[in-house]
Structure formats: structure tokens, C-alpha cells
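Novice: My questions all concern the structure below.
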Amino acid sequence: MKTYTLGSTSLFCAPGIVRWAINGAQFRKDRKKMIFVISGGWGIPIEAATQLVLKEVPYIVTKDEAVQFTVNTESLPT
């Protein structure tokens, strides 16, 4: 298992972007784009972003407005 933390900045609200990507991924034609926004925006593996955006794993919002989630490392590239 690996835990990722997607941080916010004064101009970039991680929880809002994650919710937007999850919502956008409900549309099959936009799914890949939403995954790439999360993966590229925070430099995390596509497989981890996919699990988050497709709601395969739960996430929490920390008090400093970061998004934390844990993925199964068996599905991540080595």
C-alpha cells in the first residue's frame, strides 16, 4: 500500500480539483482527461490517479486542504 498526499496552494484547491475530476470522469469520453489532470498535476502514477478518480479508493481531506488516499501497490508500476 502507498499513500499519496495531493497538496493545495493559495491558487489551487486540491479537494475541489479532485471532486471536479471525479465528477468529470463519470462521462466516458472525459475519463482519460480527468485522470491525466490528477496524474500530471501532482506527478503521481496514472494507476494511482485512476483509482482515485474512479472512486476505487476513498480519500480524506486534511486540515491543511490536502487530499490523502492510499492505493494498492500491486497495481502500480515498479
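Taken together, the values in this text are just the output of simple stated rules run on the coordinates, not laboratory data. In this text the structure is predicted, and so the values were computed from the model without any measurement. A quick note on method: Cβ atoms are made from the backbone with ideal geometry, for glycine too, and the neighbour counts reach across all protein chains shown.
Novice: Would you check which residues across the stretch 26-55 are part of a helix (DSSP H, G or I), more than 13 Å from residue 4 (Cα to Cα) and of a type in the set (Phe, Trp, Tyr) and list them?
Specialist: Across the stretch 26-55, the qualifying residue is only 36.
Novice: Take the conditions in contact (Cβ under 8 Å) with a residue 24 or more places away in the chain, out of contact with any Pro (no Cβ under 6 Å at 6 or more places or on another chain) and among the aliphatic types (A, V, I, L, M) and apply them to residue 38. Does it pass?
Specialist: Yes, satisfied.
Novice: What's the total number of residues in the stretch 65-75 that are within 18 Å of residue 7 (Cα to Cα) and without any contact (Cβ under 8 Å) to a residue 60 or more places away in the chain?
Specialist: Residues flagged as within 18 Å of residue 7 (Cα to Cα) and without any contact (Cβ under 8 Å) to a residue 60 or more places away in the chain within the stretch 65-75 amount to 1.
Novice: Pairs please, first residue from the stretch 43-64 and free of Cβ contacts under 8 Å to residues at least 60 places away in the same chain and buried (at least 16 other Cβ atoms within 10 Å of the Cβ), second anywhere and of a type in the set (D, E, K, R) and in a loop (DSSP other than H, G, I, E, B), Cβ atoms under 8 Å, 6+ apart in sequence or on different chains.
Specialist: 50/56
Novice: Looking at the stretch 7-16, is at least one residue in a loop (DSSP other than H, G, I, E, B) and surrounded by 16 or more Cβ atoms within 10 Å (Cβ to Cβ)?
Specialist: Yes, the stretch 7-16 contains a residue that is in a loop (DSSP other than H, G, I, E, B) and surrounded by 16 or more Cβ atoms within 10 Å (Cβ to Cβ).
Novice: Being under 17 Å from residue 58 (Cα atoms) and in contact (Cβ under 8 Å) with a residue 12 or more places away in the chain is the filter here; which residues of the stretch 21-33 pass it?
Specialist: Those that are under 17 Å from residue 58 (Cα atoms) and in contact (Cβ under 8 Å) with a residue 12 or more places away in the chain: 21, 22, 25.
Novice: What do you reckon, is residue 3 touching a residue at least 12 places away in the same chain (Cβ under 8 Å) and surrounded by fewer than 14 Cβ atoms within 10 Å (Cβ to Cβ)?
Specialist: yes
Novice: So residue 4 clears everything in (1) in a helix (DSSP H, G or I); (2) within 9 Å of the chain's Cα centre (by Cα) except one condition, right? Which one?
Specialist: That leaves (1) as the condition not met.
Novice: Considering every residue within the stretch 56-66, establish whether at least one is within 9 Å of the chain's Cα centre (by Cα) and either in a strand (DSSP E or B) or basic (Lys, Arg) (or both).
Specialist: Within the stretch 56-66 (the criterion being within 9 Å of the chain's Cα centre (by Cα) and either in a strand (DSSP E or B) or basic (Lys, Arg) (or both)), the answer is yes, since at least one residue qualifies.
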